[in-house]
Each structure stands twice: as structure tokens, then as C-alpha cells.
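Data first, discussion second: the structure below is written as C-alpha cells.
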Amino acid sequence: MNKGKVDALLGIVFGDEGKGKVVDYFTPKYDVVARFAGGPNAGHTIIFEGKKFVLRSIPSGIFDEGKLNIIGNGCVIAPDLFMAEAKELESAGYDLKSRLHISKRAHLILPTHRVLDRAFEVAKGKNKVGTTGKGIGPTYSEKASRTGLRVGDILENFEQKYRALKAKHEQQLIDLHYTDYNIDEEEKLWLEGIKYMSEFPLTDTEIELNEALRQGKNVLAEGAQGTMLDIDHGTYPFVSSSNTVCGGVCTGLGVAPNTIGEVYGIFKAYSTRVGSGPFPVELFDETGDKIREIGHEYGAVTGRNRRCGWVDLVALKYAIMVNGVTQLIMMKSDVLDTFATIRACVAYEKDGVTTETMPYDTEGWQAVYEDLPGWQTDLTKMTSEAEFPQAFKDYVKYLEDRLETPITILSVGPDRAQTIVR
């Protein structure tokens, strides 16, 4: 019997690339869709048939009735936010309990984790990371210090374990002199979320996944955030708290490296970043504002303005390397439809030094650009590569040549149908 494979779908810059749309598009090809890292601090937006959904913790394959969706052990879950997200989908007619399994090894985000997140950020003063305040960092910190609560803890002596961890957090907040908070209503909803979650299959998902692979089934691993927010390989300390790179698929789902098949790297035709941290290609002028407005570059969960800039080939080459990307998917090509000139960052420059490889610390580096002619054509109505204007074809080929990786899918609009396979 031929064993199945795990294909990874990863954001390869700073996240927000449109992974949800592509996962939704790919789902018919797979038997299982699994989230391997991250929590409800980012949203995957999916638009089809005039409907819009923002998924925070639930995998984007949830809309296909015949597919199993898994929240893996590498994820962190806020029960109250999960409940709100799931109930919205249920009210839209999707039967989640028959198609969504949650790893017993995934960690729980407590209401006090969210307070600690805010308190730690305040304590940093001017050196803020730009956290979303969703409790992600404190939860992963406790996971690493071996003191966290896991989904499996719901099944035995949960109340006792919860009260003990909450008391520990409250003492930390006293030590931080951060006492101006009230979680009474939030906690009530959180505990309701715990009860709601217990109605779902809470399973050993790593065993389920490996059994599915043994049976020849194929798995799509859905990433969260992007490579440059990876805790090890990103722009530390301005990063997320988990491994967002391809290696995180193995640890976050409990699958072996030799099960990994295709590695799809998703990026935009330009660059964006949310929160603090170095961003050499950032545009502070009208061009940056124009990209933001046309691309609706505001956080799906937070609503925050995304910082915008031209495509960054230094970051992309680095991400392709550390992930082993086999195919690229370029999103939001249509956002650049009206620009007469398109720029691409080919190197960084600082203090007279120029580099085409990712430096240890990108603070203070300036982008070095090459200019290309824009296509100044509306791509949104196009349904095949043959319709593309030559200037856009040239831009795609330029990127492929520079990145030494094929771009196999192009998105020319937010709808599921606006996806062109080459």
C-alpha cells in the first residue's frame, strides 16, 4: 500500500497572505486538513458564493463535508473564542462536530493569559513587540516551562487544575503591579467554552493522522502567520511564539519528516507586516497608502493597519530555503494593477554594506530595488494565464528566475473562483 503524504501550505513572509482562500481551494484534493501551530491571533478570510468567513483556530477545510479537519498539538486554543467561531459556522449550516477533531495535546489559553499578555507588553515600555493581546505568548511560555493546561486536562480534575493555574497568574500580575483588570464575565464565557469544546472529539490526533497516512490518505497542513514571524527564524524578538516554518508541521502534528510532500509557499505580489519590528521595504508615502487601500490591508482579527511595501526577494529567498518550498503561490496580484512601475527589493544596504542574504538582525537595513514596468490592466476578470498582459507575465517570470522556484498558482481577487493554476 502506498502511504499518503503531508503537503504543507505556508505563509513565507509575515503572514496575512491569504492562506485560508488557498486551503479552501485545495481542500477537495485532500482527505484531511490540519492546523499545526498558532492560535486565534490571526484570521484566515475565506470568500465564496457571496459569503465571507474569518477562521481563527478552525482549519480552512471545514466547509467541505467529506473532509476531516484537525486542530493539532502545536496549536493553542482559547475556548471562548473557539466557541464563538464554531457557533457562527454552525449557524451557517456547517456540522462541525462530525468533521473537526481537536488534539488533547494542544494547550489552552486562559483569560488570565490574555491579561498577562497585556501586562508584559506594558512592562516592555518602548520595546513593545506589537502583540495582539490574545494570550498567545504567555501560553506558549508556559508550554515551554511545562506548567500549562492542555485540552486533555478537560477530561479529568479540570476545575482543580484551572484554579491552581489561575492563582499562579494572579500572583504574577500582582508582582508586575498590574491589577486593574476584571475577568469575571470573560471567565464565565471561557468556562462555557470549555463545556462546549468537550462536546467535540478530543483525540490523539497524531495517531489519527499517521493512521490516515498509512491508509494512503493525503493531508494538507495549514500554516499560520509566516516564516519571518517564526520564533527561531523570524525577525526576533518581533515574532510569533511558535514555529511557523515547515519543520513545525512535524512537531505540531506528530508526523515524520519523510511524510512531507509538496511545500507550497504563499506570498503577496507586494509585502505587508503587522505590529512592530524591522521592515526594510516599508513605504511611508502615498504609494504605501495606495497599496493598503486597494489591498484592504487591515487585520482580519485585529483591524490594525498593515504596514505595506514592495515585494522583498531577500526575505522570500530565505523563506524558500528554510522551508524547502517546492511551489510558490502569488496572492493579490490584482492590487498592483494600476501602478506604472513595480519595484522589487533585491538586496539590503546598511553602513556601506550590501547583502542579498537575510542578516541576523534586519534593524536599520534599507532596501535596494530594481524597477519593472507595471501591467496597468485589470486582472480580476481573467480566468486563464493566456489572458494575462505581457508585462504581468514578465513580472511573474522575473520573480521565478530570481527565486529559482516555480509560481504555479496566481490569485487575481478574493473570491475562490479568482484563482488561476498555471
* the stretch 6-62, residues that are among the acidic types (Asp, Glu) and at pLDDT 90 or above -> 7, 31
* **Residue list for the stretch 286-308, restricted to those being part of a helix (DSSP H, G or I) and either touching a His at 6+ places or on another chain (Cβ under 8 Å) or of a type in the set (Asp, Glu) (or both)** => 286, 289, 293
* Asked: With 54, 23, 33 as the choices, which residue is surrounded by 24 or more Cβ atoms within 10 Å (Cβ to Cβ), in a strand (DSSP E or B) and hydrophobic (A, V, I, L, M, F, W, C)?
  -> 33
* Within the stretch 328-357, considering residues that are open to solvent by less than 30 Å² (accessible area, probe 1.4 Å) and in a loop (DSSP other than H, G, I, E, B), the one farthest from residue 409 (Cα to Cα) -> 339
* **Scope the stretch 172-186; condition under 19 Å from residue 162 (Cα atoms) and open to solvent by less than 80 Å² (accessible area, probe 1.4 Å); matching residues** => 172, 173, 181, 183, 186
* To do: Quickly run through the stretch 213-239 and pick out the residues that are among the charged types (D, E, K, R) and open to solvent by 20 Å² or more (accessible area, probe 1.4 Å).
  => 214, 217, 232
* Give the stretch 212-236 a look and list any residue that's under 17 Å from residue 261 (Cα atoms) and either free of Cβ contacts under 8 Å to residues at least 12 places away in the same chain or among the hydrophobic types (A, V, I, L, M, F, W, C) (or both), or say none. => 212, 213, 219, 220, 221
* Restricting the stretch 200-212 to residues that are among the acidic types (Asp, Glu) and under 24 Å from the mean Cα position of the chain (by Cα), which is least open to solvent (accessible area, probe 1.4 Å)? -> 206
* Asked: If a residue has to be within 14 Å of residue 310 (Cβ to Cβ), out of contact with any strand residue (DSSP E or B) (no Cβ under 6 Å at 6 or more places or on another chain) and of a type in the set (A, V, I, L, M, F, W, C) to count, how many in the stretch 272-293 make the cut?
  -> 1
* Scanning the stretch 248-257 for residues that are out of contact with any Gly (no Cβ under 7 Å at 6 or more places or on another chain) and in contact (Cβ under 8 Å) with a residue 60 or more places away in the chain, which turns out most open to solvent (accessible area, probe 1.4 Å)? -> 254
* Answer yes or no as to whether residue 211 is more than 20 Å from residue 108 (Cα to Cα) and at pLDDT 95 or above. => yes
* Select from the stretch 81-127 the residues that are open to solvent by 50 Å² or more (accessible area, probe 1.4 Å) and among the hydroxyl-bearing types (Ser, Thr, Tyr) and list them in ascending order. => 91, 98
* Structure fact -> Picked from the stretch 147-164 (must be touching a strand residue (DSSP E or B) at 6+ places or on another chain (Cβ under 9 Å), part of a helix (DSSP H, G or I) and aliphatic (A, V, I, L, M)), the residue most open to solvent (accessible area, probe 1.4 Å) is 155
* Out of all the residues in the stretch 373-382, is one or more of a type in the set (A, V, I, L, M) and touching a strand residue (DSSP E or B) at 6+ places or on another chain (Cβ under 6 Å)? -> no
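So that you can scan it fast, the table gives a plain yes or no per residue for (1) part of a helix (DSSP H, G or I); (2) closer than 23 Å to residue 21 by Cα; (3) of a type outside the set (Ser, Thr, Tyr); (4) open to solvent by 50 Å² or more (accessible area, probe 1.4 Å):
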position	(1), (2), (3), (4)
359	no, no, yes, no
362	no, no, no, no
383	no, yes, no, yes
391	yes, no, yes, no
394	yes, no, yes, yes
397	yes, no, yes, yes
408	no, yes, no, no
413	no, yes, yes, no
417	no, yes, yes, yes
* **Qualifying positions in the stretch 164-191 - under 22 Å from residue 75 (Cα atoms) and more than 27 Å from the chain's Cα centre (by Cα)** => 165, 166, 169
* Go through the stretch 58-73 residue by residue and tally those that are farther than 15 Å from residue 24 by Cβ and open to solvent by less than 10 Å² (accessible area, probe 1.4 Å). => 3
* Which one of 311, 263, 325 is part of a loop (DSSP other than H, G, I, E, B), touching a Leu at 6+ places or on another chain (Cβ under 8 Å), open to solvent by less than 50 Å² (accessible area, probe 1.4 Å) and under 24 Å from residue 414 (Cα atoms)? -> 325
* Asked: Taking the stretch 187-199 only, how many residues are surrounded by 15 or more Cβ atoms within 10 Å (Cβ to Cβ) and not β-branched (Val, Ile, Thr)?
  -> 7
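The values are calculated or read from the model by the stated rules, or taken from the named source; none is laboratory data. Given the structure is predicted, the values throughout are model-derived calculations rather than measurements. Virtual Cβ from ideal backbone geometry, glycine too; neighbours counted across all protein chains shown. With ligands, DNA and RNA removed, areas are computed over all heavy atoms of the protein, side chains included. Shrake-Rupley method; radii C 1.70, N 1.55, O 1.52, S 1.80 Å.
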